[in-house]
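The values are calculated or read from the model by the stated rules, or taken from the named source; none is laboratory data. Note that the structure is a prediction, hence the values are computed from the model and not measured. Neighbour counts are summed over all protein chains in view; Cβ atoms, including those assigned to glycine, are modelled from backbone coordinates with ideal geometry.
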């Protein structure tokens, strides 16, 4: 049976007006300050992750890429720097909901059999693979992202039924072991055509995503739709960019940093991520702090044509990978996930340059400062701290991948042809565990907000 549902829907185009550039990226204007005020109604208690969680990302090669997962990890660590959180990536290239890459089953034997014969096969493969790659990590949260290769096996009713049954059993086993689960749809494929919604594989992925929604409802777990938001962006952008991969990847399946940022945006929103980092609002004329939310303001000093203060935030802005900056023009990532606000009213007309710790970061007019701006990706040393954190997250997760796949799961002759291979394996695992611990210690230092000196000065005409 071929799936033939066509996709419909519209998406609002989000464009950002550029302000005068100065050294760093441009802050995003809020228009009205009330926009930033209104987003605070979403609080940390709405977020799927909680203090003390141990998170495992389970999926196929797109998860194994360690990109959208790194970005989600970076968001959680920067937004909640006091929480104790642990993240591990259990993605495996080529994998399916029936764990083709982990158990090496014959897909035709799994997919094309009667349900009564299929059920024990599914249970055995799922318990074995989850036990080794996921449950051994004692997770409290597991996100699951399969479907791309399940459709690739064959977009038929048999493949669909196997997918639904496998995911249902997977969630049940995880729930039995105390793990909260979120089911993530795959993202769409990105073939170079003007109508991505009519691509045969996307038609199948849409159908599989609908099935996943039914599994989520049946098992009582969150359903995270990244397929439709991503597809709407593709459909819009294909009208002007017919010959390139919008997500920045090298093929239509595996996005680059741009696409993975769009994935992280869609996933985090669905999981209740909060948009506010912090905000500060000053009145130049009255020499006062009008509002300070999620930050502490000290040593405010206003003189003729200048304003200075120390700011200690409760959180850091979510870092945006430099290669992913085009994603900020494709989706409202900054508005919906990353609001680091500064507003200064009452300035005399003119241009004013903001420096943080002596580093110039942005120049805007008095009227623009009065509207307020989002400095999340243009806060000089604050933004740099987040990028250092994101880099270290990548280092840690690369070490874990080596530990898990190249040492823990390697066969004797693949790893080291020696009679004392298990002794040497244990020593290497211990060495890598120490490296992971050291990297996580660095991460915990980098995620802590620091006090910074902000100075705004009028520029000569």
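Residues are listed down the side, and each one gets a yes or a no for (1) touching a residue at least 12 places away in the same chain (Cβ under 8 Å); (2) closer than 30 Å to residue 48 by Cβ; (3) surrounded by fewer than 20 Cβ atoms within 10 Å (Cβ to Cβ):
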| residue | (1), (2), (3) |
| --- | --- |
| 217 | no, yes, yes |
| 228 | yes, yes, yes |
| 233 | yes, yes, no |
| 252 | yes, yes, yes |
| 257 | yes, yes, no |
| 270 | yes, yes, yes |
| 278 | yes, yes, no |
| 300 | yes, no, yes |
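Being surrounded by 22 or more Cβ atoms within 10 Å (Cβ to Cβ) and outside any helix (DSSP H, G or I) narrows it down to one residue among 71, 87; which is it?
Being surrounded by 22 or more Cβ atoms within 10 Å (Cβ to Cβ) and outside any helix (DSSP H, G or I) holds for just one of 71, 87, which is 87.
I want to confirm something. Restricting to the range 114-131 and keeping residues that are within 17 Å of residue 405 (Cβ to Cβ) and in contact (Cβ under 8 Å) with a residue 24 or more places away in the chain, which single residue is nearest to the chain's Cα centre (by Cα)? Spell out the reasoning first.
Of the range 114-131, the ones within 17 Å of residue 405 (Cβ to Cβ) are 128-131.
In the following step, the residues that additionally are in contact (Cβ under 8 Å) with a residue 24 or more places away in the chain were identified as 128-130.
Details: 128: 28, 129: 25, 130: 23 Å.
So, considering only residues that are within 17 Å of residue 405 (Cβ to Cβ) and in contact (Cβ under 8 Å) with a residue 24 or more places away in the chain, the one nearest to the chain's Cα centre (by Cα) is 130.
I'd like the full set of residues that are over 13 Å from the mean Cα position of the chain (by Cα) and closer than 20 Å to residue 256 by Cβ, limited to the range 299-331.
Correct list: 322, 323, 325, 326, 328, 329, 330, 331.
For the range 173-183, does any single residue satisfy the condition of being touching a residue at least 24 places away in the same chain (Cβ under 8 Å), crowded, with 19+ Cβ neighbours inside 10 Å, touching a helix residue (DSSP H, G or I) at 6+ places or on another chain (Cβ under 7 Å) and not in a helix (DSSP H, G or I)?
Checking the range 173-183: at least one residue is touching a residue at least 24 places away in the same chain (Cβ under 8 Å), crowded, with 19+ Cβ neighbours inside 10 Å, touching a helix residue (DSSP H, G or I) at 6+ places or on another chain (Cβ under 7 Å) and not in a helix (DSSP H, G or I).
Considering only the range 227-247, I want to know if a residue exists there that is modelled with pLDDT of 95 or more, in contact with a strand residue (DSSP E or B) (Cβ under 6 Å, 6 or more places away or on another chain) and under 30 Å from residue 391 (Cβ atoms).
no
Any idea which of 52, 59 is buried (at least 19 other Cβ atoms within 10 Å of the Cβ), modelled with pLDDT of 50 or more and not assigned by TED's automatic domain parsing to the domain that holds residue 328?
On the way: 52 fails: buried (at least 19 other Cβ atoms within 10 Å of the Cβ).
Every option except 59 fails the conditions.
Only one of (1) in contact with a strand residue (DSSP E or B) (Cβ under 9 Å, 6 or more places away or on another chain); (2) part of a helix (DSSP H, G or I) fails for residue 280. Which number is that?
Every condition holds for residue 280 apart from (2).
For residue 144, only one of the following conditions fails: (1) assigned to a strand (DSSP E or B); (2) over 15 Å from residue 163 (Cβ atoms). What is its number?
Going through (1) assigned to a strand (DSSP E or B); (2) over 15 Å from residue 163 (Cβ atoms) one by one, residue 144 breaks only (2).
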